[in-house]
Amino acid sequence: MTGTTSTSLWEELVTSALLGTDRRTPPAEVLTPGKHAPAGLLDAAAVQTVRRRAGLLPAPAAALPEPAPHDARPRLPPPARRRLAQLLADRSAPSAGGRRGTAPDLTELLPQWLAAANDHKYQAPASVLPALLDAARARTDLRPQALTFAGPRGLWLARLNPEWKFALRGASGGPTLDTDDAEAVRRLWEEGLFAERVALLAAVRAHDADKALALLAATWSTERAEDRLMFLDSLRTGLSDADEAFLEKALSDRSRNVRATAAELLSALPHSALAGRMAARAASCISLDRSGDGADAAIVVEAPHECDADMQRDGVVPNPPSGRGERSWWLGQLVEAAPMATWPVRLGGRTADELVALPVADDWGDELHAAWCRAAVRQRDAEWSRALLGPPGTPPETGPGTTSLAERAKLLAALPAGERAGWVAEFIAAHGLSEAFQLLGVCQVPWSEPLGRSVVDALDIARDAGSYPWSFSGVMGLAERCLAPEEAGRLEILTATPDEPEGASPGAGGYWSEAFQRLVSTLRLRATMGAELRGPAE
């Protein structure tokens, strides 16, 4: 019997089984004389099944994947390797319930461990790569450090499992090829995955900015709009005046988002032609009143009356969001795109502090100060950020710049790390911890001694006030991750259960003792993890 005949006979049997032997009699050659058709059908199906399986040829073997690339980084010291396995295993362990107890939260320590391992430039053990990619898939905040640690072998492995595709889209590790190899660079740029191309552009740009721009320009007109936007956004790193010509051309891009991003990047270059044009437009809207340099000087605002085609080409969006007036919307965009150096020249040679303190006529003050805040953040101008933040002891609602804690956090990020920590320490000393969470988030880790002491003092005050520690769980969690491990010994005294003051919440002292025990044990574990990573590599 040929294969075709066998297949046809099988199909006949299947059809009879589906329709019923009364409606479709099985082929006569497979039925045993004198036997009922249903039983004969089943016998024939069994025989045909055995015959089909016996004649089945094995499928050709799939091609083996390319070998994993070599990772030249040193191996982890054995204690650190065991610690990583523990951290990754604890990631999937079931929670013990709402109460955290005194044990460190290993899940929250994994990002810090990965960052420290990357600082030491260790390679990830091959055996943990699947668990590491699973952890990065579950937590987007882990991905940059996890993918850097996973290295080229992590990307290689991610290509073999659809659940790890995110690694190919968002890989932050640079390609391992030699960026001086022009042919390899061209081939990867033309044929690589998008994440590989972004990483390649960053790697080439780190060595030769002109070469990276030439690479980008070569295929710019054929790229998809969303890819052009991502490539343009990648130019934020290392942005310089050398990028201006390319960004000016992007102002005429057919995608509105690409045009807007190009305009934003150009406005961060204070000497660019766009920054000059925006400065001229903004300066025409802002002036001093007639008393000018006198003691009663005030800022006068005359917002633009139209948004012409040239303004739109330079990135000014003509239509305001709902509830926002057109003129204030246009004014805000002009001021935030103008170099901060515009204003001392335009407004009588005053410093940033003096200009922020000037009254603004006709209730334009909030609009002008908000735009100055955005400009200072975009240009990372420390002097203006300092002026718009004001003294840390001043209540946010009466401060000079903005009452928004998110905006104040962005302004803080423009200050040097030491000054930033000192400002937040004084803010906490004056206002407590209730509004400090976002501000602490932009401070360098580990916290400086004055900042750490200010946070611990504030927690101690909260404990003495009789409140429960979970009212400060966010700050306590930050302290576990950000306090210097050397602070553990000094905090030991706080682990004792205090006498409960009159009016205190029932049991609060015990809960505070538990929280401080967890803080101390976490700091000691972080110290141990650091020592393990500094140990001799395998």
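The values are calculated or read from the model by the stated rules, or taken from the named source; none is laboratory data. For clarity, every value in this text was computed on a predicted model and none was experimentally measured. Glycine gets a Cβ as well: all are built from the backbone with ideal geometry, and neighbour counts include every protein chain shown. Just the protein is used for accessible areas: all its heavy atoms, side chains included, with ligands, DNA and RNA removed. Shrake-Rupley method; radii C 1.70, N 1.55, O 1.52, S 1.80 Å.
Odds and ends about this structure:
- Of all residues in segment 376-396 being closer than 21 Å to VAL301 by Cβ and open to solvent by less than 10 Å² (accessible area, probe 1.4 Å), the one that is nearest to the chain's Cα centre (by Cα): ALA376
- Residue among GLU419, GLU407, GLU383 that alone is modelled with pLDDT under 90 and either in contact with a strand residue (DSSP E or B) (Cβ under 7 Å, 6 or more places away or on another chain) or part of a helix (DSSP H, G or I) (or both): GLU407
To keep it simple, each residue is scored yes or no on (1) on the phi < 0 side of the Ramachandran plot; (2) in contact with a helix residue (DSSP H, G or I) (Cβ under 8 Å, 6 or more places away or on another chain); (3) small (Gly, Ala, Ser); (4) modelled with pLDDT under 85.
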| residue | (1), (2), (3), (4) |
| --- | --- |
| ARG91 | yes, yes, no, yes |
| LEU114 | yes, yes, no, no |
| LEU132 | yes, yes, no, no |
| ALA135 | yes, yes, yes, no |
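- Against the conditions (1) open to solvent by less than 60 Å² (accessible area, probe 1.4 Å); (2) aliphatic (A, V, I, L, M); (3) over 25 Å from VAL360 (Cα atoms); (4) modelled with pLDDT under 95, ALA309 satisfies every one except (1).
- Within segment 223-233, the presence of at least one residue that is open to solvent by 70 Å² or more (accessible area, probe 1.4 Å) and either closer than 29 Å to HIS271 by Cβ or assigned to a helix (DSSP H, G or I) (or both) is confirmed.
- Number of the exception - VAL335 against (1) closer than 17 Å to ASP366 by Cα; (2) in contact with an Asp or Glu (Cβ under 7 Å, 6 or more places away or on another chain): (2)
- Considering segment 245-293, the residues that are in a helix (DSSP H, G or I) and among the acidic types (Asp, Glu) include one that is surrounded by the fewest Cβ atoms within 10 Å (Cβ to Cβ), namely GLU248.
- Residue count, segment 198-219 (criterion: free of Cβ contacts under 8 Å to residues at least 12 places away in the same chain and open to solvent by less than 40 Å² (accessible area, probe 1.4 Å)): 1
- When segment 42-69 is filtered for residues that are surrounded by 10 or more Cβ atoms within 10 Å (Cβ to Cβ), modelled with pLDDT of 90 or more and either touching a Pro at 6+ places or on another chain (Cβ under 7 Å) or under 30 Å from ALA124 (Cα atoms) (or both), the ones remaining, listed by number, are ALA68, PRO69.
- GLY401, sole failed condition from (1) farther than 22 Å from GLN333 by Cα; (2) open to solvent by less than 60 Å² (accessible area, probe 1.4 Å); (3) in contact (Cβ under 8 Å) with a residue 24 or more places away in the chain: (1)
- Just one of (1) crowded, with 20+ Cβ neighbours inside 10 Å; (2) in contact with a Phe, Trp or Tyr (Cβ under 7 Å, 6 or more places away or on another chain) fails for ALA479. It is (2).
- GLU487 meets all of the listed conditions (1) acidic (Asp, Glu); (2) assigned to a helix (DSSP H, G or I); (3) more than 34 Å from the chain's Cα centre (by Cα) but one, namely (3).
- Members of segment 312-331 found to be small (Gly, Ala, Ser) and buried (at least 20 other Cβ atoms within 10 Å of the Cβ), listed by number: GLY315
- Residues in segment 446-465 that are open to solvent by 40 Å² or more (accessible area, probe 1.4 Å), assigned to a helix (DSSP H, G or I) and of a type in the set (A, V, I, L, M): ILE461 only.
- Subset tally (residues that are of a type outside the set (A, V, I, L, M) and under 14 Å from LEU9 (Cβ atoms)) for segment 26-39: 3
- Matching residues in segment 498-538 - criterion: being free of Cβ contacts under 8 Å to residues at least 24 places away in the same chain and not in a helix (DSSP H, G or I): ASP499, GLU502, PRO506, GLY507
- Failed item, numbered, when VAL345 is tested on (1) open to solvent by 40 Å² or more (accessible area, probe 1.4 Å); (2) touching a residue at least 12 places away in the same chain (Cβ under 8 Å); (3) among the β-branched types (Val, Ile, Thr): (2)
- Restricting the first member to segment 262-277 and to residues that are under 18 Å from LEU331 (Cα atoms), and the second to residues that are open to solvent by 40 Å² or more (accessible area, probe 1.4 Å) and not in a helix (DSSP H, G or I), the beta-carbon pairs closer than 7 Å and six or more apart or on different chains are ALA268/LEU239.
- Candidates in segment 20-41 are the residues that are part of a helix (DSSP H, G or I) and either surrounded by 11 or more Cβ atoms within 10 Å (Cβ to Cβ) or modelled with pLDDT under 80 (or both); of these, the one that is nearest to the chain's Cα centre (by Cα) is LEU41.
- Candidate set: segment 348-366, residues that are charged (D, E, K, R) and open to solvent by 40 Å² or more (accessible area, probe 1.4 Å); chosen: the one nearest to GLN333 (Cα to Cα): ASP366
- Look at (1) modelled with pLDDT under 90; (2) open to solvent by less than 50 Å² (accessible area, probe 1.4 Å) and you find that CYS373 fails only one, number (1).
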